[in-house]
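S.K.: Dropping the structure in here first, questions after.
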Amino acid sequence: MAESVYELGWRLLLVLLVSVSRRVLKYCDHLHGKWYFSEVRAIFARRYLLQNTAIEIFLASRTSIMFAFSDQTTVKKVIKALPRVGVGIKYGIPQTRRASMMSPRQLMRSSNMTQKWQRREISNFEYLMFLNTIAGRTYNDLNQYPVFPWVLTNYESTELDLSLPSNYRDLSKPIGALNPSRRAYFEERYASWEHDSIPPFHYGTHYSTAAFVLNWLIRVEPLTTMFLALQGGKFDHPNRIFHSISQSWKNCQRDTSDVKELIPEFFFLPEMLVNSNNFKLGHHEDGASVSDVQLPPWANSPEEFIRINRMALESEFVSCQLHQWIDLIFGYKQRGPEAVRATNVFYYLTYEGSVDLESISDPVMKEVS
């Protein structure tokens, strides 16, 4: 069937819009592509570099393309030209709705995914992916990568009983507040903070950054190449490379600069734990080489670790507590008095709206921001 003028025009528009900088060119299969309206399954507004100037289009092939524009006016023009695909019946939102710049709050209210989750019609994994997606987190932007919780605390035993509550993390607290002494340290920092231009905070780092994502996935291309680009062509110090599940958990319980949560791959991608490409990741001080990730004794293989970790995520204990972690990351405990009470305040520049790039005229300052 021949393309309509409208379809042809939109396809050509997409081809013109897809431009790639030289820095990421090596990670792309091609410079341009074509996608038909019939392929589009969902469309979401996105932030890019702290500005609401992007959209992400999800296709029937289970892939997605993120387009970043120069300004919001252009975004609105593009959205106005899009067909009535809405944001997809997969997310419980009427497909007859015209694609729009709906906020996460509006998307949440328009969806029935929470009700489906409460009725156990979808898994915890699916619901977390839904929340990440409508919140603007995407695989197409390492700075806004999907975030998942640590759910287990026992990485030392030879056997793991998933029926014991003691093996699970307290999901009512942020990762930085699980250790009482460390929580006291962060609360003292907040209470004693004195700075005219910087608001008080508990954590100077964050639970999710591009560098953390690359470190988790350092053994998987093209993330390996991206990691090397970030590090000036060299791997990081062996002690800082992700090499042990148990050690990573200990670090985020003791180190005041480590409050990392997990990424979805910890629940479905065993390949991330294997150095199948034989990258030279260095040696520890005791001479031991860094290669495959060291697994907990209760996991005999990467596949078994992923399977058990996923079972823990879908367990009754986590299912009954997960809403509390959601409140911390996506809900009412992100900001304001509730965040203070929950020991959940991060450095102010990590929050949306903290920087207005449009008001910065100095190009150097804008680039730094």
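Every number here is computed from the coordinates shown, using simple stated rules; none is lab data. Model, not experiment: these values are computed from the prediction. Note that each Cβ is placed from the backbone with ideal geometry, even for glycine, and that neighbours are counted across all protein chains shown.
S.K.: Sequence-distant or interchain residues sharing an amide H contact under 5 Å with Tyr168, placed H: which?
M.R.: The answer is Thr153.
S.K.: What FRET efficiency comes out for Glu271 versus Ser319 if R0 is 25 angstrom and r is the Cβ-Cβ distance? Round to the nearest 0.05. Write down the numbers at each step before the final one.
M.R.: Details: r = 27 Å, r/R0 = 1.09.
Calculated transfer efficiency: 0.35.
S.K.: What shape does the range 220-369 have by the C-alpha gyration tensor, where a ≥ b ≥ c are the square roots of the eigenvalues, rounded means a/c under 1.5, and otherwise prolate means a/b greater than b/c and oblate the rest? Mind dumping the intermediate values first?
M.R.: Details: a/c = 2.17, a/b = 1.21, b/c = 1.79.
Judged from the Cα gyration tensor, the range 220-369 comes out oblate (a/c at least 1.5, b/c at or above a/b).
S.K.: Residue by residue, what Karplus-based ³J(HN,Hα) values in Hz, rounded to whole numbers, does the range 118-124 have, using 6.51, -1.76 and 1.60 with θ = phi - 60° and x for Gly and Pro?
M.R.: Here the 3J(HN,Hα) series is 4, 7, 6, 7, 10, 7, 4 Hz.
S.K.: While we're here: For Ile65 paired with Asn278, estimate the spin-label separation in nm (one decimal), with each label point 7 Å from Cα along the Cα-to-Cβ line.
M.R.: With each label placed 7 Å out from Cα toward Cβ, I get 3.9 nm.
S.K.: How many nm separate the modelled label positions at Ala288 and Asn179, each set 7 Å beyond the Cα in the direction of the Cβ?
M.R.: Going by the 7 Å Cα→Cβ label model, 2.0 nm.
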